[in-house]
Amino acid sequence: VFTAGIMAGGSPTYCLMPRLHAVWLLAMGLPVALACLLLDSGPGHAMAAGCLLFLYFLTRQGRLHGEVLWTSMERATQLRRANRLKRLVLANISHAIRTPMTGILAMTQAMLQEERNAHAAEKLEVVESSSRTLLRLVSELLDMSRIEAGQIEFREQRFELWRTLSGV
């Protein structure tokens, strides 16, 4: 019974290395099975058969356990790789959108300073407001990406609470 406990306890440790697992089980269980076979009584043969069956069971369970562990480790690696790729794509897209939006804002502000027509100025204000909103959304998206990556930096900044709340 003591040997069976040691064999079963070591089985999860060695299941990721199938050959070492088989050697471990044989080294622990085969001497017991052979000793039981050498006994000339019926119970000794039954114990040997039970020991060999136990070895088979542990080998099979170890193989299945190892396959499950390998599969879950591969899946975890794939998920880490996918998250890293997602962060890169998000950062690149955010930068690719932010740069032209900054240009649109600058040109809109320049046109607003030159525009004398009230109707055109009103349309330009809508473009400016929409551009600022889109730029803020892209910045927030990039911030979320940084938070996920653990790369966010906090800074202290003064703001007017009522002005901020009125824009919501």
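Bear in mind that the values in this text are calculations on the coordinates, not laboratory data. Nothing here was measured: the structure is a model prediction, and the numbers come from that model. Counting neighbours? That spans all protein chains shown, and the Cβs are built from the backbone with ideal geometry, glycine included.
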Q. With the dipole of the chain worked out from charges on the C-beta (+1 for Lys and Arg, -1 for Asp and Glu) around the Cα centre, which of 64, 161, 30 lies farthest toward the positive end?
A. 30
Q: Please give, to one decimal in nm, the separation of the simple spin-label points placed at residue 84 and residue 134, each 7 Å out from Cα toward the Cβ.
A: 3.3 nm
Q. Simple spin-label model, 7 Å along Cα-to-Cβ: residue 162 to residue 112 in nm?
A. 2.2 nm
Q.
Just to compare against my own numbers: the Cα pair-distance distribution for segment 43-116, 10 Å bins, whole % per bin, please.
A. 15, 16, 14, 13, 11, 9, 8, 6, 4, 2, 1
Q. Where the Cα atoms of segment 117-165 are projected onto their three principal axes, how long is each span, largest first, in whole Å?
A. 48, 23, 14
Q: Take each of the peptides 89-95, 146-152, average the number of other beta-carbon atoms within 10 Å over its residues, and list them starting from the highest.
A: 89-95, 146-152
**Q.** FRET efficiency for residue 35 and residue 67, using Cβ-Cβ distance with R0 set to 35 Å, rounded to 0.05
**A.** 0.60
Q. Mind listing which chymotrypsin sites (Phe, Trp or Tyr not before Pro) in segment 105-168 are in a DSSP loop and have 10 or fewer other Cβ atoms within 10 Å?
A. 154, 159
Q: Arrange the peptides 125-132, 22-29 so that the one whose residues have, on average, the most other Cβ atoms within 10 Å appears first.
A: 22-29, 125-132
(Q) About the Cα centre, and with charges only on the beta carbon of Lys, Arg (+1) and Asp, Glu (-1), how big is the dipole of the chain? Nearest 20 debye, please. (A) 300 debye
(Q) Taking the Kirkwood radius as the inverse of the mean 1/r across Cα pairs, report the Rg/Rh of segment 87-168. (A) 1.07
Q: Let me see the pair-distance distribution of segment 45-86: every alpha carbon pair, 5 Å bin width, integer percents in order.
A: 6, 21, 12, 14, 10, 10, 8, 6, 6, 3, 3, 1, 0
Q) Dividing the Cα radius of gyration by the Kirkwood radius, what Rg/Rh value follows for the chain? A) 1.51
Q.
Could you tell me how far the Cα centroid of segment 113-139 sits from the Cα centroid of segment 148-168, in Å?
A. 22 Å
**Q.** Dipole of the chain, positive end: most advanced residue of 118, 54, 100 [Cβ charges, Cα centre]
**A.** 54
